Structures are given as structure tokens and as C-alpha cells.
1. Computed over the Cα atoms, what is the radius of gyration of the range 335-414 divided by 2.2 N^0.38 Å, N being its residue count?
2. Ranked from highest to lowest mean number of other Cβ atoms within 10 Å per residue, what is the order of the peptides 194-202, 103-111, 317-325?
3. At 1.4 Å probe radius, can you tell me the per residue accessible area of the range 214-363 in Å²?
4. Please give the contour-minus-distance gain from VAL117 to ALA692: 0.36 nm per residue of separation, less the Cα-Cα distance, rounded to one decimal in nm.
5. Net charge near THR187: determine it from the other residues with C-beta under 15 Å of the C-beta of THR187, scoring Lys and Arg +1 and Asp and Glu -1.
6. Using 0.36 nm per residue of separation minus the Cα-Cα distance, give me the extension gain between SER413 and SER242 in nm, one decimal.
7. Which whole-number percent is the relative contact order of the range 247-398 (Cα, under 8 Å, 6+ apart)?
8. How much accessible area per residue does the range 534-633 have, counting only protein heavy atoms and a probe of 1.4 Å, in square angstrom?
Amino acid sequence: MAVREAPGEHQGDALRPARWLILFVLGLVGAVVRPSSGQVDLLQQMDRQAGVTGEIELKIESVGLGNAARPGEWAGIRLRLTDRGTTQREVLVRAVITDVDGDDAQYETVVTTNPGVGDQPVWLYARIPFDMPQTGGFVVSAFEAEETDDAANPVGFVASRPLGQTAYRWGQTAGRNTGILAVVGNTPGGISGYTQRAQSMPDTDPLGHEVSVITTLSTAEALPDRWMGLAMVREIIWNGESPNNLRIEQVRALREWVERGGHLVVILPAVGQDWLALSNRELADILPRVEVTRLEAEPLPSLRPLLTDADPRLLTVPDVAVTVYTFAPMADSAAGEADRILNDASGRCVVVSRSVGVGAVTMIGLPGWHPALTGKGLPEADVFWHRVLGRRGKVATDEEFTDLNNRNQIPNSRTAWTIDGDISATIGKSGRSLAGVMLGLIVFIAYWIVAGPGGFALLKQRKLAHHAWVAFVGAAMVFTALSWGGATALRPKRVEVSHLSFLDHVYGQRVQRVRTWASVLVPVYGDAEVWLESDDAAAAGGSRFVQAVAPWEPAQDSARGSFPDARDYAVDSRDPQRLTFPARATVKQLQLDWAGGMAWDSVRPQVAEGADPFRALRFSAPGSSNALEGTLIHNLPGRLEDVEIFLFRRQVPVRASAAGGPLLTSANAWAIQPSSWEPGTVLDLSAVTINAQSTPLHLAGGPLDTMVKGATDGLPNAGSQGQRLRWLAFFNLLGPPERNNNFQPAAVARREATHGLDLSRWSTRPCVIVIGTLRLEGQDAAPVPMVVATNGTVRKPYYSGPTVVRWVYPLPDDPPEVPAVTMPEAGVQPGAGS
């Protein structure tokens, strides 16, 4: 008896396997990209552990410098550890921070406890993820430490029996767009003006861009003992605290921080000579090489032009005697060791600076803590501190700010523009991933058609519908082979690194600084290891630089995910030059900080035999059509593109600048033509720096202003990515907000990951800065000496990506003119020119 087929019966059979395949794929995708539960578990664990103590008591004193930390940066975690045991023992202390892949980064150190002698300080260092304010905090634990021979373990010990635990809930005042300025000792007058905030935009300077937080350390003992604990600040102002209280580890951390670009500003105290008779040579060797003269009874009104530009009828400088120090470069001081920044009206230097690596140490001879000054908010930030730190813009007093607000001169809202917001896009490796996704999609659609309705329709047309299952199995085998072959063809065979790097060098200094963000494509499963090599590692005692490698994540992408096989990995928190992490044949994003000798042979002047290399570049004679004389050459490993020459001539005369408007320095820029510069090619600055072809940075309408002017649509003039990367060097010099013809305020410029890359300090003195970009591909196409190993085998990475090269050539110092002040016998009246 014949059985008639129900309509669509075999069609349903053919579609059923496809439906199951779809459900399986969707389930697999959901498992891979499921939200990370690690942070939720962490917060629950923190709540459970509240008030719980063990054999070891842990107390978190601060996170960051003076309890100020910025998400996205390294930070120090200062602990107090009390061992209730009876004998000394090795204890492993660990802070656990979940990374963007859902793996737990365990930042560890090992300490030897001292039971019975009270608490002992312990420093841990960790990179704080951008989304730490959202994830809530982290847990710090103590374990018995067992020694291990496992080479993959960075500290040489593994955790055994748990001994104690504490939790930290994030409660920082600094956001990822906030600057942090540190003070050791007493906060000097005027500096608090940098903390002024707009009510409608609390993370914005109402008259500028980036608002700052001031963190104050009452004693030098609170300073960290690794440079990573200082990484979130660019300036440290030292006022009143003795440096002789520093331990050698703290001195070395402070020195390395300076060499990596930090600016240490020392205000000499009226009482005490600790800075002038330092017992620690490592700290003394980075101070300006000057002869110091102490003047004990200087009338404060004689310093008025350096303190305020207010109308003397509205602000009187008290007629009191103060202690002032003046500086004279030593006869044998080398170039860059004693650069005069500011003189008083008598021509005596009262602010002097020394270049140290990529950073500087500056000494100030004016009183830093005197009731006659601090009570009046003096010296004013935009009169004095701008000229020392390299900043720009109006910093209003409380009375001025109230007046501006009443006159509706404070913008209520401004378009936010993050200059460094496309780092992730720059280092992303989406091309191959997109090809894989498209191949999978195409294969899946073709399979669904062939194994489903399309194949069944063809079989039915040929009256072979009863062979549907055979056809389905055959189609599954064919498409499995296609999928396997396509996946094999697309699978990477080598370690690939897509990077964005900044290479900084100051001529005459033996230190280069490199900051790199990288996407590392690891083509295997198991473990991957990345480390940075130091060029002086073979020196006695090892390298004096602590290199740092840490997991990184985009600031804008707050969505976290987790792999199904989320794992832990250990990081030596005090020496994080080596990072071992789980490898899953995918990409890991990293931040790498390196310092040392010459990573690459950078730009240099051509110097005649026997000539002074620090006079190889010089100003042209007055009346010349060009600004500079001299020639440059470079031996970088490729063509330098989009090259621009920046010339900072000198600071404008004191009290001769419009408040908050033009720069406090006279500056120009030139783009070389053609815009690329080949290795070994001589660049004649007399032909490049034609005055008629320059862009004046110090005038309204210059590029430092036009980048952030309000346009007709209220959006900033963003420019190309290359332009934005170059202009990050002068973030603190960007133009103040002004309304355009449509009464729309200018954009507020922000940065998230590049606070430490600002070169604005160089605007305080004459110098030439060259900025260009290298775009290379190959096995030696990155400036950072990075080594990658997978499952114990060293692999040679293939690099691609831009390197922004920034080279600074200091010119002879030339402090600005200061008007004289007439001192009548009674009262304080401004003299001629004041």
C-alpha cells in the first residue's frame, strides 16, 4: 500500500538540523560574550569580608598618591600589615583586579613580617582599569608564601594558606579626564586656582579645559618607592618638607619619575638648608647646578610683578620682609643643567630649571608659604605658576569668577572632545576578524540553503526527496571541510603586534622614553608572555629603570565580557616588566612603558668638528627672512612623515600679556615641504623656518586656538588623527573657550590615556621641538624592545602601526623682562611700568 507524503514533511526534517545548529551557535556566542561575573563576585566577597581579620591584619591607607588615583593609570596601594604570629615569615600580598577579558590580574609582592613590632608599610602597584568606578573596587589578601621553581611565577613564591584580607571600595575624586597635581608639604599660594570647576560640568575648567585635583602629602614618607606610584601626576611641588626623610628606594623612584617626564618643583624654605646640603647624592645630582644666594629681608612689594597683575588699588601686596633665594649658574655647568626661567625686576634669577631625562627639576627662590601671600591667593596661577609649569588661560579669583558668572561669561555647556579617544581604533586588529566573521556568515547561509529548503526543493524537483537525509549528511561534510579549510587559511601563524607609540628624547640627555599601546595577536592557546628588555640590564646591580607592562582596555568601551575559561595570572607589582597571561588565539591589548638609552637613533643636529653641539641650532640675525640657522639629520628606521617644527622663542615680558588670551611665550610652527623626511637626509632649518610661512602659535587664531574653537555646528575642529596625536604634546596650551558668532561656546578638550605625554613645560624657555610620525611594518618596526613568548617559545613579533617621534632641542635660556617697582617710603604704590 502506497503512503502519500504529507506536504512539507521532509522539508521539516531537513530544517530541523539547521534549527539545532542555529541554537547551538547562538548559545556558544552567548557563552563567549556573557557579561563578566568576576566584578559582581568581587563586590559580594568584599561585603562578606567586611570586618573580618585573620592572622594578618591588612589596612589600606591610600590608593594612588595621597589617595588620589586616576582610572587608566598605574597607582600605588599603600598598606599597613600587622602580623599577629610569633615568628618571622614570608607573606605574599596580592591585589586582584579583573581585566577586560574576565581574567584576574593578581598584582603580588612578598614581604618578610616582623611580629610584635606593630604594623609595617607595604606598597603594591597596579594599573587601575578605566571602569574601576563602575566595577566598584578590589580585594587585597595575604597568604603564606611558598617558594617555587616555576619560572613563569614572577615573584618566585606561590600563595599557600590564607592569612588575611581586606577590601577597597572605589571612592576617588579624580576622573579619567582629570589632571592631578601633587604637593609635598604645604600647598603654596595660588596653586588651588587650577581646581576651579564649572557647576554645570564638574569635570571641566570653566575658563579652560582640564580641571585638576590637588593631592597633598604632609610628609615625604608618604611617597611611593616605585615610579609607577607617581605616574598619575606630571608635577610635584615640594614646599617645606625635608627631603632627607626619603629612603633610598623613594629617591630612586622620584628620580626615575623625573627621567620619564615628570616635573619636580622645589620651593626653597625660608628656614633650613636641607635642599642645599643633601646627603643623598642620587637626588643632589639632578638639582640645578647653581650658586645660591640667600636674601633675608627682601620687601615683598618689590616682587609684585611676579605675584599678581591685579590693579594695585584693588589688591595691595603687604609691605613685609621675606626671605628670597637667587640663583647663578655655576661656571662649569653644562647646557641644560641651570636654565634661568624667571628673574626679578633687578635681573636676579629666582626660578631655575635643569633637564633630567625627559623631565626636569625646577627650583623656586620665592617664599612658598607665607601668610602675606597665601592669605591673598598669591602668587596668582596665571601670573606666576603658568610661567613655571607651562600652562595657559585665565585662572580667575573667587571674586572674578563670581563676576564672570553674573555677567553670563561662563559657558553652561560645551561639547566634549576627547583628543586621544581613538587609541583603540588605531591599534585594533579588525581586518582579519571581519574576514573570519564574513566567511563564517557566508558559509552558514550557504549551508542553511543547501542543507535546508534549497537542497530539499532541488531533490523534490528531481523526485529524490527520500534521499534528503543522505543529502543533508553530504552537505554537512562538504561545508565542514570548507569551514575547516577557511578557518585554517585565515588562522594567524605569527605573533602580530599592532601598536601606537610615542618616542620622546631631549637632546643632550641619555634617556629616551617610550609609551606604547599594543594589540598583541597570539596565534596559540595556552600561555603567552610579554616582557620589556632594559638596555642596561647587564650593568652591575641590574637596570636602574623599572619597565612596566600591564593589560589595557579602551576607555570608551565600558561593556565587559568574559571568556568561558577565565583564569588568573600573576604580576610582580613592584617590577612589572614581564606579563604572563592566558592565550586563546586572540588579541590581548597592553600598555607598555619603557625608558633607557637610545631605543632608536633619533633626530640630531649636524655639528662641525670642535663646535659646541648646543649652539648648532641658533636664532637667525635680526631682520632675517628666516627664524633659525642650522641643519638636522636623523637615522630613524624609516621615513618621518607629517613633520612639523615648533619654535618657542622666549616668554613674553611679565605683565605684558592679556590675561587668559595669547600664550605667555612667543612661538611659531612650520610644516616642512614635502612633509616627509627620509633617513640620512639633511634638513636645512634656514630654508624651513621662513618667517612668512610660519604659523604663530601665540596669536589668536593660531592652531592651538582653532583646534577647539566653536564651529557653526558647535563641533570642534578635530583635524586628522595624525594632527591630534601631534597636538597632544601641547594640551595645556590649547586655547581658552570663546563663543563664536552664533554664541556657541568652544569645545572642551579632554584626554583619557595621555596625561603623561604633555610637553607644554617646554614653552617656559627657548627650544626647538620636532614632531613627526613613522609608519612602519616588520619585525623591527616598533621603538620598544618587546619580547613575546608563547608556551615557553620565544616568537619574533611582526609589528605595524604609527610611532610619534618627538625631539626637543634646548636653546640658550632667555628669561622674560620684569618691570621695575618703585618703593616709596610709605605705603605700596606701583612704579612706572607696573
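The values are calculated or read from the model by the stated rules, or taken from the named source; none is laboratory data. Here the structure is a predicted model, which means the values were calculated and not measured. FYI the Cβ positions are ideal-geometry reconstructions off the backbone, even for glycines, and counts take in every protein chain you see. These accessible areas exclude ligands, DNA and RNA; they are computed on the full protein's heavy atoms, side chains included. Shrake-Rupley method; radii C 1.70, N 1.55, O 1.52, S 1.80 Å.
1. Details: Rg = 16.5 Å, N = 80, 2.2 N^0.38 = 11.6 Å.
Compared with the compact-globule rule of thumb, the range 335-414 sits at 1.42.
2. Numbers: 194-202: 16.0, 103-111: 21.4, 317-325: 18.1.
In decreasing order of mean packing, 194-202, 103-111, 317-325 become 103-111, 317-325, 194-202.
3. About 35 Å² of surface per residue is accessible.
4. Working: separation 575, 0.36 × 575 = 207.00 nm, distance 7.18 nm.
Between VAL117 and ALA692, full extension yields an extra 199.8 nm.
5. On the way: positive: LYS376; negative: GLU235, GLU241, GLU380.
Combined, the nearby Lys, Arg, Asp and Glu give -2.
6. Gain in length upon complete extension: 57.2 nm.
7. Relative CO of the range 247-398 lands at 30 percent.
8. Details: 4270 Å² over 100 residues.
Dividing the accessible area of the range 534-633 by its residue count gives 43 Å².
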